[in-house]
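Accompanying notes for the structure given below.
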Amino acid sequence: MKEFLHYVLDPRGYYSSHGHGSGEGDYCTTGRTTLNGAHLFLASLLELQQSGQLWKLRPFCRTIFTTNFDPLLQDALQLVNVLYSVTDRPERGLDPSDFPPEDPVVHLVYTHGSILRHNAASTVAELDALREKNLEVLKSYLEPRDALVIGYGGWDDSLRSALARCSPTRHRVYWCGIEAVDAAERNLAPEVLELLRALDGNGLYVSLGSEGADGFMARLYQSLDPEGGVPRLLRDPVGVF
């Protein structure tokens, strides 16, 4: 696992070019080193939010939970100069103090650990330990808030367990996927279907269509942008791609 994370942190760099790949001089590509449309539009939307340009709306989102290890969300926020805080040591146990009320800063929470630490949880035993340690704190934070779930399969971990434990009367879950609505019941994990049904009308499946998260975040940005224009990152993408 540590060797794999070295490759992700060092794409086409020292480790791959000095014979540490599958063969002497091989290059390693992981597909996780390039920002996609969802990253760019989300960061641009948060830029509008944090700069007060969405003043007529309540904040769209200030806390983002991710089960990925990579720092791509951090990269995207840095490109638009949005200040953020990071919680990426779930093995030490999350604490309510990690989630201060009315925190104005964007907060990235790595529920499985981070590529920047040697703590990436990937085995069943590791995920079980994180669930046992962090479930109650995650539940307490999520329960009074609505959750927009994008790009998450809902595997057996602390995040899905926390969502499943929330009271159906206190929040909604919008579970987004690329499957059409009439195909969702066949393709979603049984545990996800159970979670949505248990919310008694407050668990909603949203079909993103064939463009997936990229297309959804683009449409969301365009509908909330007060000028209805193109994000600054995409108008002047120097250094982005």
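The values are calculated or read from the model by the stated rules, or taken from the named source; none is laboratory data. Because the structure is a prediction, the values reported are computed rather than measured. So basically every Cβ, Gly included, is an ideal-geometry build from the backbone, and we count neighbours across all protein chains shown. SASA here: full protein model, heavy atoms, side chains in, ligands and nucleic acids out. Shrake-Rupley method; radii C 1.70, N 1.55, O 1.52, S 1.80 Å.
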Item to check | Top-ranked residue of the range 145-178 - restricted to ones that are of a type in the set (S, T, N, Q) and over 15 Å from the mean Cα position of the chain (by Cα), ranked as most open to solvent (accessible area, probe 1.4 Å) | outcome: Thr169
Checklist entry - Are there any pairs with C-beta distances below 6 angstrom linking a residue in the range 169-189 that is farther than 12 Å from Leu204 by Cβ and without any contact (Cβ under 8 Å) to a residue 60 or more places away in the chain to a residue that is open to solvent by 10 Å² or more (accessible area, probe 1.4 Å) and polar (S, T, N, Q), with the two at least 6 apart or on different chains, and if so which? => result Glu179/Asn187; Ala180/Ser207
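Let's see how each residue does on (1) part of a loop (DSSP other than H, G, I, E, B); (2) out of contact with any strand residue (DSSP E or B) (no Cβ under 6 Å at 6 or more places or on another chain):
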residue	(1), (2)
Ser161	no, yes
Arg170	yes, yes
Trp175	no, no
Glu179	yes, yes
Arg186	no, yes
Leu193	no, yes
Arg197	no, yes
Checklist entry - Is there any pair with a first residue in the range 204-217 that is free of Cβ contacts under 8 Å to residues at least 12 places away in the same chain and a second that is hydroxyl-bearing (Ser, Thr, Tyr) and open to solvent by 50 Å² or more (accessible area, probe 1.4 Å) whose Cβ atoms are under 6 Å apart and which are 6 or more apart or on different chains, and what are they? => result none
Checklist entry - Is there a residue in the range 124-135 that is open to solvent by 10 Å² or more (accessible area, probe 1.4 Å) and part of a loop (DSSP other than H, G, I, E, B)? => result no
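Residue-by-condition table, conditions (1) free of Cβ contacts under 8 Å to residues at least 40 places away in the same chain; (2) within 23 Å of Leu196 (Cα to Cα):
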| residue | (1), (2) |
| --- | --- |
| Phe99 | no, no |
| Glu102 | yes, no |
| Ser122 | no, no |
| Val137 | no, yes |
| Tyr141 | no, yes |
| Gly151 | no, yes |
Next on the checklist: Looking at (1) modelled with pLDDT of 90 or more; (2) not in a helix (DSSP H, G or I), which one does Gly201 not meet, given that it meets all the others?
Outcome noted: (1)
Checklist outcome for this item: Residues of the range 201-231 being within 14 Å of Ala180 (Cα to Cα) and of a type in the set (D, E, K, R), in sequence order, are Glu211
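Yes/no per residue for (1) open to solvent by less than 50 Å² (accessible area, probe 1.4 Å); (2) over 30 Å from Arg131 (Cα atoms); (3) at pLDDT below 90; (4) hydroxyl-bearing (Ser, Thr, Tyr):
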residue	(1), (2), (3), (4)
Gly13	yes, yes, yes, no
Glu47	yes, yes, no, no
Trp55	no, yes, yes, no
Thr66	yes, no, no, yes
Phe69	yes, no, yes, no
Asp75	no, no, no, no
Checklist entry - Before we move on, is Leu79 under 30 Å from Asp225 (Cα atoms), in contact (Cβ under 8 Å) with a residue 40 or more places away in the chain, open to solvent by 50 Å² or more (accessible area, probe 1.4 Å) and not hydroxyl-bearing (Ser, Thr, Tyr)? => result yes
Checklist entry - Can you name every residue in the range 82-106 that is of a type in the set (Asp, Glu) and either open to solvent by 40 Å² or more (accessible area, probe 1.4 Å) or farther than 29 Å from Thr123 by Cβ (or both)? => result Glu91, Asp95, Asp98, Glu102, Asp103
Checklist entry - If a residue has to be of a type in the set (D, E, K, R) and in a loop (DSSP other than H, G, I, E, B) to count, how many in the range 46-81 make the cut? => result 4
Next on the checklist: Every residue in the range 160-177 that is within 16 Å of Ile150 (Cα to Cα) and of a type in the set (D, E, K, R), please.
Outcome noted: Arg160, Arg172
